[in-house]
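The values are calculated or read from the model by the stated rules, or taken from the named source; none is laboratory data. Values in this document were obtained by computation on a predicted structure and should not be read as measured data. No Cβ is skipped: glycine too gets one built from the backbone with ideal geometry, and neighbour counts run over all protein chains shown. Quick note on the areas: whole protein, heavy atoms, side chains included, nothing else; ligands and nucleic acids left out. Shrake-Rupley method; radii C 1.70, N 1.55, O 1.52, S 1.80 Å.
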Amino acid sequence: MTKALSRRSFLRTSLAGSASVAASPMSFAAGGIYTPGTYSAKANGIGEVIVTMTFDSNKITDVVLNVANETPSIGQAAAGAIKKLLLTRQSAQFDAVSGASITSAAVSKAAAKCIAQAKGEIPVEVIQTEAKKDDGDWLGKEPEIAENQIKATHTADIIVVGCGTGGMFAVCAAAEEGAKVIGIDRFVTGTGIRDDLGAVNSRYQKKWGTKIDKWDYVTMATQYAAGHINQDLVKLFCDNSGAVIDWYGDRLAERGVELWHESGDKVDESRYHHFPTGHSPRWRTSDDGTGKPLDGNRILHDYAVKKGARFDYNTRMVKLIKDKGRVTGCICINADGDYVRYLAKKGVVVATGGYAQNYPMMQALQPWNLRIVGRTRAMPGAHGDGIKACLWAGAKMDETHSMMMFDRTALRREQTPGPEVCKSGNSGFFWMGSQPWLKVNGDGRRFINESGTYENILHADEHQKGHVHYVIFDSNWTKYVAQFKMHGCSRLVPFENGADPNIPYQTIRDKMLPDLIAKKFVIKADTLEELARGLGLPEKTFKETVARYNKLVAAGEDTDYGKEIFRLSPVNQGPYYGAKTTGQILCTMDGIQIDTHMNAIDTEGNPIPGLYVIGNDSGSYFANEYPNLSTGMACGRTVTCGRLVGQYLAKL
């Protein structure tokens, strides 16, 4: 561990955009709108965005966008369209590119500063970028910020850092109790409330007759984690999550949104025990007043403001403030690039979302998992800022490191899993990958009971060629998805009680699968031989495997790996489909160790006064792999702890 925390060397400094400025700051070109030259400015999007614009005396002639810190499949993908809009409109004002509103807003803000520089309205900005050598030092040194650098100070009872799933619940709870609470977030708005929220004993579960034994649940959590957890936190979830979900249901109902329990099946003969804990809003019937569906962030933001909460967006925490052993606040950078101090009379709640967007940190702490993934759906702010700030303040991190992964990424034949393909965004979103189809290794052989957890097969891939497996199904796949009786977000048909699946099979059939085929992430073939060639599998062995599997299906018993009969489906009707498959990152699961008040624990095992941690920044709850057969276990833990810590601090 000591080696991983060694100091990082800064090799060189480069200047972006300053050398080619044609005139001194605040000067004007005679007879023109702009002083000709090249100007740069930066703003915060998902990460830092740098815009460089070149002007002649009357127009913008070129635009260069550095969006390397933005999400590859969203912000980076939109860069070309944004550049075209800037050049076409000759203005920093443009309609956000669909799906990339955060990046669009950041570019617009930086472009406005470039234009103001070119007009002589503000001084020329010199952008310094530091090239860093990745030597495994993911922690870095706590920034030193002088008193004279701080431009403003704000005081509240409670400061919540991060306004996503957990943070928003904490803000609402504190505001309800009458506390003065400020929620800060690095983005222009909160990153959203996850659906599939887990709970035990909600009114929705009671209505359907769902019963979950508390001690069975605690045992399950302990077994998945091999004991690397604090059982008191799982007990806390079991005792309080139902009431928290009921509260959220009330907030949704106030805006005309139904919350549904994702029920289990009355007859469930799965080998792996399922706990029907999931709850999801039915957004498709909602209306935000403009004809668009509502979302959880909008609903809870409006509710919190009504209760007196304040939100400071475009504000990123840099470090915590610690005085005489107590965390008293934090220092942040605001939208103008100024340092701002926030002081908390009762406590700071850190909820920045973990570190699943920080590849050096993941490489240092859990490199084995990066070898079995090819795509990320991690929340955009999950850069580890909160965890690092807590460590600088003396907190202790989990000693085992893990991430939540789903087996839903399709690769092209020539691609290999790993962080580079994750960062590129060039992989297939293979939602149906978790279905218990026939799955084989690179030798064309079956190697596992495909009816397990999402992560079982990914970790089994560690023993297979290329750290991948191949998903095989035939043209009758749509009739098999109902008989599989899948749980949670892998279910492609309505639940027994009528709750909607996350994505229905019709959407996959009509849109997602054809797109994957067109992009060669899924191979479609008329014969098994052709499918084997398309996937790069040995034809003879592959055909023998399919024949053997079809024989087991016909016999109604899997004597090779024990898969349940209702999850056996033949591969005997062309056309046939196959995908080279690996994992998808959702979040990291290790974090700062906490107690049942969500109070951060120091390296001596004692609570750190004033510092509280929730969600993916917190630890003590998961290890090894995510228990996906308890739907929404992570999100349910996050909202439960968020609401409880908000109430607790408000009453101090």
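Using alpha carbons only, what's the Rg to Rh ratio of the range 497-652 with Rh from Kirkwood? Display every interim value, and only then the final one.
Numbers: Rg = 23.8 Å, Rh = 20.4 Å.
Ratio of gyration radius to Kirkwood radius for the range 497-652: 1.16.
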Which lysines, on any chain, are close to LYS83 with Cα under 24 Å apart, when same-chain ones fewer than 8 places away are left out?
LYS42, LYS59, LYS109, LYS113, LYS119, LYS423
Highest average packing first - 592-601, 226-235, 575-584, Cβ atoms within 10 Å:
575-584, 592-601, 226-235
Whole Å is fine, so just give me how far the alpha carbon centre of the range 536-561 lies from that of the range 570-621.
36
Taking the Cα centre as origin and putting +1 on Lys and Arg beta-carbons and -1 on Asp and Glu beta-carbons, what dipole magnitude results for the chain, to the nearest 20 debye?
760
Sorted by chain and then number, the residues having a modelled amide H within less than 5 Å of the amide H of LYS322, at least 5 places away or on another chain, are THR328
Using only the Cα atoms, work out Rg/Rh for the range 139-209, with Rh taken as the Kirkwood radius, to two decimals.
1.15
Counting only protein heavy atoms with a 1.4 Å probe and every protein chain in place, the carbon and sulfur fraction of the accessible surface of the chain in whole percent equals 49
In nm, spacing of pseudo-spin labels at ASN572 and ASP510 (7 Å Cα→C-beta vector)
3.1
Taking the range 355-410 on its own, what percent of its Cα-Cα pair distances exceed 19 Å?
31
Computed on Cα atoms, the radius of gyration and Dmax of the range 570-641 in angstrom are 18.9, 64
Seen from all sides and averaged, what is the projected area of the convex hull of the Cα atoms in the range 181-230, in nm²?
6.5
Principal-axis tilt of helix 296-306 within the chain, Cα atoms, nearest 10 degrees
50
Work out the P(r) tail for the range 212-276: percent of alpha carbon pairs separated by more than 16 Å, whole number.
61
Between the Cα axis of helix 231-254 and the main Cα principal axis of the chain, the angle (0 to 90°, nearest 10) is 70
Highest mean packing first, using Cβ neighbours within 10 angstrom, the peptides 137-146, 247-256, 70-79 sort as 70-79, 247-256, 137-146
So for the range 261-380, Kirkwood radius off the Cα pairs, Stokes-Einstein at 25 °C and 0.890 mPa s: how many µm² s⁻¹?
126
Calculate, for the range 316-379, the solvent-accessible area per residue in square angstrom, rolling a 1.4 angstrom probe over the heavy atoms of the protein chains.
35
Anchor LYS346: lysines whose Cα lies under 16 Å away (excluding residues fewer than 8 positions away in-chain):
LYS180, LYS322, LYS324, LYS651
Kindly report the accessible area of the range 67-203 per residue (heavy atoms of protein chains, probe 1.4 Å, no ligands, DNA or RNA), in Å².
41
Here the net charge surrounding THR400, from other residues whose Cβ is less than 13 Å away from its Cβ (Lys, Arg +1; Asp, Glu -1), is -3
Putting +1 on Lys and Arg Cβ atoms and -1 on Asp and Glu Cβ atoms, find which of GLY192, ILE594, ILE229 reaches farthest to the positive end of the dipole of the chain.
GLY192
Tensor-based shape of the range 80-193 (alpha-carbon gyration tensor, a/c under 1.5 rounded, otherwise prolate or oblate):
prolate
Once the dipole of the chain is set up from charges on Cβ (+1 Lys and Arg, -1 Asp and Glu), the residue from the list GLY162, GLY583, ASN624 lying farthest towards its positive end is GLY162
Counting only protein chains, not ligands or nucleic acids, how are PHE622, PHE447 ordered by accessible area (probe 1.4 Å), most first?
PHE447, PHE622
Of LYS206/LYS266; LYS520/LYS580; LYS211/LYS479; LYS540/LYS563, which sit over 21 Å apart, Cα to Cα?
LYS211/LYS479; LYS540/LYS563
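Full extension from VAL126 to LYS84: what is 0.36 nm times the residue separation minus their Cα-Cα distance, to one decimal in nm?
Contour length minus the Cα-Cα distance gives 12.7 nm.
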Above 19 angstrom, tally the Cα pairs of the range 374-454 and express them as a % of all pairs, no decimals.
56
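Whenever you get a sec, line up PHE311, PHE187 from highest to lowest accessible area (probe 1.4 Å, protein heavy atoms).
Solvent-accessible surface, decreasing: PHE311, PHE187.
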Quick one: putting +1 on the C-beta of Lys and Arg, -1 on the C-beta of Asp and Glu, what dipole do you get for the range 579-637 around its Cα centre, in Debye to the nearest 20?
340
In the range 375-483, taking the dipole from +1 charges on Lys and Arg beta carbons and -1 charges on Asp and Glu beta carbons about the Cα centre, the listed residue (PHE429, VAL468, TRP392) farthest towards the positive end is PHE429
I'd like the GluC sites (Glu not before Pro) in the range 521-618 restricted to DSSP loop residues with at most 15 other Cβ atoms within 10 Å, sorted by number.
GLU557, GLU604
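Between rounded, prolate and oblate, where does the range 198-337 land on the alpha carbon gyration tensor, with a ≥ b ≥ c its root eigenvalues, rounded for a/c under 1.5, else prolate if a/b exceeds b/c?
Here the range 198-337 falls in the oblate category.
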Assigned charges on the beta-carbon of Lys, Arg, Asp, Glu; the range 170-307 dipole about Cα centre (debye)
180
Can you give me the Kirkwood hydrodynamic radius for the range 422-523, using every pair of distinct Cα atoms, in Å to one decimal?
14.8
May I ask for the angle, rounded to the nearest 10°, between helix 539-555 and the longest principal axis of the chain, with both axes built from Cα atoms and the value confined to 0 to 90°?
60
Calculated diffusion of the range 314-423, Stokes-Einstein form, Kirkwood radius summed over Cα pairs, 10 °C and 1.306 mPa s, µm²/s
99
Net charge near PHE94, counting Lys/Arg +1 and Asp/Glu -1 over other residues with Cβ under 13 Å of its Cβ?
+3
Residues of the range 140-169 with amide N under 14 Å of a point placed 7 Å along Cα→Cβ from LEU652
156-161
May I ask for the net charge around ASN606, where only other residues with Cβ less than 15 Å from the Cβ of ASN606 are counted and Lys, Arg are +1 while Asp, Glu are -1?
+1
Reported label for calculated semi-axes √(5λ) of the Cα gyration tensor in Å given (1) 46, 31, 22; (2) 40, 36, 23; (3) 42, 32, 23:
(3)
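Based on the Cβ-Cβ distance from ASP268 to ARG548, what FRET efficiency comes out when R0 is 25 Å, to the nearest 0.05?
So, using R0 = 25 Å, E works out to roughly 0.35.
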The chain: antiparallel bridges as % of DSSP beta bridges, rounded to 5, reads 70
